[in-house]
1. Which value, in debye to the nearest 20, describes the size of the charge dipole of the chain about its Cα centre when Lys and Arg Cβ atoms bear +1, Asp and Glu Cβ atoms bear -1, and nothing else is charged?
2. Which one, PRO285, CYS206, GLY246, is farthest towards the positive end of the dipole of the chain when Lys and Arg carry +1 and Asp and Glu -1 on their Cβ?
3. Among 317-329, 375-387, how do they line up by average Cβ neighbours within 10 Å per residue, starting with the highest?
4. Might you report the magnitude of the Cβ-based charge dipole of the range 78-226 about its Cα centre, with Lys and Arg at +1 and Asp and Glu at -1, to the nearest 20 debye?
5. Mind scanning LYS54/LYS230; LYS112/LYS147; LYS54/LYS197; LYS66/LYS202; LYS149/LYS219 and naming the pairs with a C-alpha gap bigger than 31 Å?
6. In the chain, carbon and sulfur make up what percent of the accessible area (probe 1.4 Å)?
7. Among DSSP bridges having both ends in the chain, what percentage is antiparallel? Round to the nearest 5.
8. Across the Cα atoms of the chain, what radius of gyration and what greatest pairwise Cα-Cα distance (Dmax) are found, in Å?
Amino acid sequence: MNLHGTMRINQAGHLEIGGCDTVELARQFGTPLYVMDEALLRENCRAYVESFQKHYPNAEVIYASKVFSTMAMCRLVAEEGMGLDVVSGGELYTALASGFPANRIYFHGNNKSPEELEMALEARVGRYVVDNFSELDLLNELARQRKTKAKILIRVSPGIDAHTHHYIKTGMIDSKFGLAIANGQALMGAEKALGMKNLEFKGIHCHIGSQIFDLNSYKEAAATMMAFVKEIKTKTGYACEELNLGGGLGIYYTEGDSPQPIGELVALMTKTVREAATANNLPLPKIIVEPGRSIVGEAGVTLYTVGSVKDIPGIRKYVAVDGGMTDNPRPALYQAKYEAALANKMNVPGEETVSIAGKCCESGDMLIWDIELPPTVPGDILVVTSTGAYNYSMASNYNRNRRPAVVFACGGKAELVVRRESYEDLIRNDLVPERMQNKVACLA
Ligand SMILES: Cc1ncc(COP(=O)(O)O)c(C=O)c1O
Ligand SMILES: N[C@@H](CCCC[NH3+])C(=O)O
């Protein structure tokens, strides 16, 4: 298992994160438990911010909050001097409740409702990343009613095939996101936006996909976007002030994954933009990037308690844990692979091949197939690594399981940033119609 950030094995042979013994954390906070390495979160934020300061200071790094959104995370991002990408009323609400500066918020999404747009206009968020023609009309009208001007970027589909899982590719022409450059719709969007009284067109945005290892895809995207900046300039006279190149940098989950350094991505991206601007006599745009996974993914682990262990002789040994697809739906959704170990037996060599089952009533609720672990018994603490991204944020209450707590571990201290859901939380919004409380009426 790869040890990321502050992960260490302590004298007791236990896994430690942020100076905290994870076996102790499991005892103190219960399991399943998400543990975030705060120092690594900050280190990753700084890697982006400092790389841009070095290569291209006219830039902004905004964190994609869909990846892991909590009020404490929003605070951390604000402290690191970054902006924030939100894609729903809920993410916007969380950011605002945390005190995140509204002018550093970018509002994304392919189907923002009028209510969500009203909420954003009321809060005066910094930018709207407009996805399509209907949204241009809707936002222009809502801004008109408020006698204001909304600053927008247009989401563009650059037609780049990023080599990643089909479900998480987003830059293709046939995509639910954005207007394609190739069929002329992106240019029509820019022209339309420039003619709208209550919109201020600032530039363009693309996001080519997620969990990307091949930096060439970014080079291609940056070059394609700059060519489009030139086309807009030629056709309309407007030189885009802002160029948002999205997120998507891959992280390490299991052997074979080859994450590229943040600094190299930034160097390549900025070089490509600079060269294209010089070659085409365009002003240098402000560059915006919106990473998520590469900031939080490797910084998170999930702790589980082993429950039943079932050996089917000659076939397979199932080790079941007290969580599963409800706290990590990625294996079931994308066949995503993870590494794991026993946090209380880090120095004991792997001895048997087992498969880790979740506790949901679904055969597909398997977290990891065929992994080497030391002899495993009920009560052991299983740690799954690289669960910081798209785990807590995609967790569900299937089977009426309670969503786990989240702690930030740093400097030997672990602090709760999300409480474990209670059973009361699960029925908080349930209502029983009055007629059902009366047996006779119910049968009538
Ligand atoms: C528009 C947009 N920006 C940023 C991100 C963050 O991507 P990642 O977590 O891969 O960095 C996503 C998710 O893929 C996205 O859809
Ligand atoms: N949720 C996906 C990534 C989606 C990207 C969102 N634009 C994952 O876990 O890999």
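The values are calculated or read from the model by the stated rules, or taken from the named source; none is laboratory data. Worth saying up front: this structure is predicted, and the values here are computed from it rather than measured. Cβ coordinates were reconstructed from backbone atoms using ideal geometry, including for glycine residues, and neighbour counts include every protein chain displayed. Note: accessible area is taken over every heavy atom of the protein model, side chains too, but ligands, DNA and RNA are not part of it. Shrake-Rupley method; radii C 1.70, N 1.55, O 1.52, S 1.80 Å.
1. Using Cβ point charges on Lys, Arg, Asp and Glu, the chain gives about 1200 debye.
2. PRO285
3. The most tightly packed comes first, giving 317-329, 375-387.
4. With Lys and Arg at +1 and Asp and Glu at -1, about 520 debye.
5. Where the Cα-Cα span goes over 31 Å, the pairs concerned are LYS54/LYS197; LYS149/LYS219.
6. Exposed carbon and sulfur together represent 50 percent of the surface.
7. 45
8. Radius of gyration, then largest Cα-Cα span, for the chain: 23.8, 81 Å.
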